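Input: a single structure, listed below in structure tokens.
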Amino acid sequence: MIRMSDVNKGYFVGEEQVPVLKHINFQVEKGEYVAILGPSGSGKTTLMNMIGCMDLLDSGEYYLDGLAIHETPEEELTQVRNEKIGFIFQNYQLIPTYNVLQNIVMPLIIRGMTRKEAEERCMDTIRLLGIDHRLTHKPSELSGGQKQRVSIARALSCNPAILLADEPTGALDTNSGKEVLKLFGELNEMGNTIVMITHDLNVAKAAKRIVHIIDGELSE
Ligand code: ADP
Ligand code: MG
């Protein structure tokens, strides 16, 4: 599903190019549940941006679901993201003026689906996540755990090749965090490929495989 070979990425600070990701080789097969574990400043968000096609590599190759991302023009990456990746963020990134249902179906509406079609398609996921009694609520009326479940339902709406989560439990209390991780386990059992990024070993342990990132370098 993911195949990165010798990927490098750095940032310019003034005149100087500072390497952040160094010779990254990383593979994820379909159906895997992988955690990327590393301390603050190790390059996790930069790697997530690479995996999520949110930024261009400096060098190396990246195949996502068979597609050569390193050869894809930047203007086509938005569509690749919409089709291939379900993002889950620490701060949920829900649209505050939309209700739960509107937030969940939004990626499908963007794709050109009618509201009715989109809502029908999301109903199984909505029931699975136990948020069917909250559909007309605004995000501000939900608990953190509920907001994260809405964001997971939104991520699943497009039937993505991978679920990509950045510190998904980072803003949650212990119990809600556990529930989200339990849900990830269930989604993986159902066949979803999950890549989760975290600085917390206890969170990483929920995954079936842990990859460490330290100072921009990966190791199993
Ligand atoms: P993490 O998510 O693991 O905390 P990041 O990927 O955010 O790590 O950052 C890794 C390193 O890259 C840090 O030293 C950070 O200062 C640097 N960095 C990240 N983004 C930029 C940027 N846009 N410009 C310059 N340096 C950056
Ligand atoms: Mg980060």
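For the stretch 78-104, give me each residue that is at pLDDT below 95 and either more than 15 Å from the chain's Cα centre (by Cα) or of a type in the set (Gly, Ala, Ser) (or both).
Listed by number, the list holds a single entry, GLN79.
Within the group ALA161, ALA204, which residue is within 14 Å of ligand 1 (Cβ to nearest atom) and open to solvent by less than 40 Å² (accessible area, probe 1.4 Å)?
ALA204
Would you be able to tell me the number of residues in the stretch 45-68 that are open to solvent by 20 Å² or more (accessible area, probe 1.4 Å) and under 20 Å from HIS212 (Cβ atoms)?
Going through the stretch 45-68 one residue at a time, the tally reaches 3.
Scan the stretch 76-100 for residues that are aliphatic (A, V, I, L, M) and part of a helix (DSSP H, G or I) and jot them down.
Result: LEU77, VAL80, VAL100.
Examine the stretch 15-27 for a residue that is within 17 Å of the chain's Cα centre (by Cα) and either assigned to a helix (DSSP H, G or I) or closer than 30 Å to GLY112 by Cα (or both), and state whether such a residue exists.
No.
When GLU119 is evaluated against the numbered criteria (1) surrounded by fewer than 16 Cβ atoms within 10 Å (Cβ to Cβ); (2) at pLDDT 95 or above, which criterion, by number, is the only one it fails?
So GLU119 meets the others, but not (1).
If SER151 passes every condition in (1) open to solvent by 20 Å² or more (accessible area, probe 1.4 Å); (2) more than 18 Å from ALA207 (Cβ to Cβ); (3) assigned to a helix (DSSP H, G or I); (4) small (Gly, Ala, Ser) but one, which one does it miss?
Every condition holds for SER151 apart from (1).
Condition check: touching an Asp or Glu at 6+ places or on another chain (Cβ under 6 Å) and either within 20 Å of ASP166 (Cα to Cα) or not in a loop (DSSP other than H, G, I, E, B) (or both). Does LYS30 satisfy that?
no
Does GLU61 meet the test of being assigned to a helix (DSSP H, G or I) and either at pLDDT below 95 or of a type in the set (D, E, K, R) (or both)?
no
The values are calculated or read from the model by the stated rules, or taken from the named source; none is laboratory data. Predicted, not measured: the structure shown is a model, and the values here were computed from it. Don't worry about glycine lacking a Cβ; one is built from the backbone with ideal geometry, like all the others, and counts go over all protein chains shown. Ligands, DNA and RNA are excluded from the accessible area calculation, which covers all protein heavy atoms including side chains. Shrake-Rupley method; radii C 1.70, N 1.55, O 1.52, S 1.80 Å.
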